[in-house]
Amino acid sequence: MHADHEVVVLRLGHRPGRDNRMTTHVGLTARALGADRVIISGAASGSKETIEDITDRFGGPFDAELTEEPRAVLRAFPGTVVHLTMYGLPVQEVESEIKGEHGEGPVLIVVGAEKVPFDVYERADYNVGVTNQPHSEVAGLAVFLDRLFEGRELEREWADATHRVVPMATGKKVEPTEAAEGGATSEPTNQAELTDEE
Ligand code: SAM
């Protein structure tokens, strides 16, 4: 998040077709909850495009990248590597130490899809469980980011958005930002136009 050291999410094990929606949601969750970029390992160009499209409309900064070399990303990362896994140490026991590391440098958060190779567990500086129950990479990532940023991500500003959601008790409204040229309608917008990922 702006003014902090970089937080990067690495999505491992993307299986084209089967994981398209989850991989997209890993990226959208990373963006919405304060990470600076997502790196997706494998053939996930559709997910990358959707994440970029959301960033174009609702703001950034946020980058999405693809890699064929996740091990090289892990090897070369110049900071703390956190692997989210149900087998790891409870997040509530290690979060202050990791926040301390983030005060000093960047953090790479690794999430899997299928079985994660054991060398990732060995490379990680922290293997962290968000509970020690099996659930989802999206849920684990969301809770971990919120703990890392202590809720500050909920108040962040977005740059270069063309549209913003107007929060409402009931109803759905999206309006063009002042920066948007030509402007779209300020009429209430159907949610389906926001993102076909919802
Ligand atoms: N069966 C796979 C394995 O043994 O690695 C787990 C697949 S799980 C559906 C996909 C990803 O969700 C995991 O790689 C991990 O990143 C994340 N995940 C699932 N449960 C988690 C938990 N309790 N805490 C943290 N991350 C979790």
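The values are calculated or read from the model by the stated rules, or taken from the named source; none is laboratory data. Since the structure is predicted, the reported quantities are computational estimates derived from the model, not experimental observations. With ideal geometry, Cβ positions are generated from the backbone for all residues, glycine too; neighbour counts draw on all protein chains shown.
Points to keep in mind about this one:
Residue-wise test of (1) within 16 Å of the ligand (Cβ to nearest atom); (2) over 16 Å from the mean Cα position of the chain (by Cα); (3) aromatic (Phe, Trp, Tyr).
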site	(1), (2), (3)
His2	no, no, no
His14	yes, no, no
Gly27	yes, no, no
Thr55	no, no, no
Phe62	no, no, yes
Val73	yes, yes, no
Leu89	yes, yes, no
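- Among the residues of region 6-28, at least one is among the small types (Gly, Ala, Ser), surrounded by 22 or more Cβ atoms within 10 Å (Cβ to Cβ) and under 19 Å from Leu84 (Cβ atoms).
- Counting the residues of region 20-54 that are modelled with pLDDT under 95 and under 17 Å from Lys115 (Cα atoms) gives 1.
- Taking the criterion of being modelled with pLDDT of 95 or more, more than 6 Å from the ligand (Cβ to nearest atom) and not in a helix (DSSP H, G or I), the residues of region 111-131 that qualify are Pro117, Ala124, Asp125, Tyr126, Asn127, Val128.
- Within the set Ala169, Ala142, the sole residue that is small (Gly, Ala, Ser) and within 14 Å of the ligand (Cβ to nearest atom) turns out to be Ala142.
Here's the yes/no breakdown for (1) of a type in the set (S, T, N, Q); (2) crowded, with 19+ Cβ neighbours inside 10 Å; (3) in the same structural domain as Arg31 (by TED's automatic domain parsing); (4) under 11 Å from Leu148 (Cβ atoms):
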{"position": "Gly88", "(1), (2), (3), (4)": "no, yes, yes, no"}
{"position": "Val91", "(1), (2), (3), (4)": "no, yes, yes, yes"}
{"position": "Gly105", "(1), (2), (3), (4)": "no, no, yes, no"}
{"position": "Val110", "(1), (2), (3), (4)": "no, yes, yes, no"}
{"position": "Glu114", "(1), (2), (3), (4)": "no, no, yes, no"}
{"position": "Phe118", "(1), (2), (3), (4)": "no, no, yes, no"}
{"position": "Arg123", "(1), (2), (3), (4)": "no, no, yes, no"}
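- Among the residues of region 91-104, those that are away from the ligand (no atom under 16 Å from the Cβ) and out of contact with any strand residue (DSSP E or B) (no Cβ under 6 Å at 6 or more places or on another chain) comprise Ser96, Glu97, Lys99, Gly100, His102, Gly103, Glu104.
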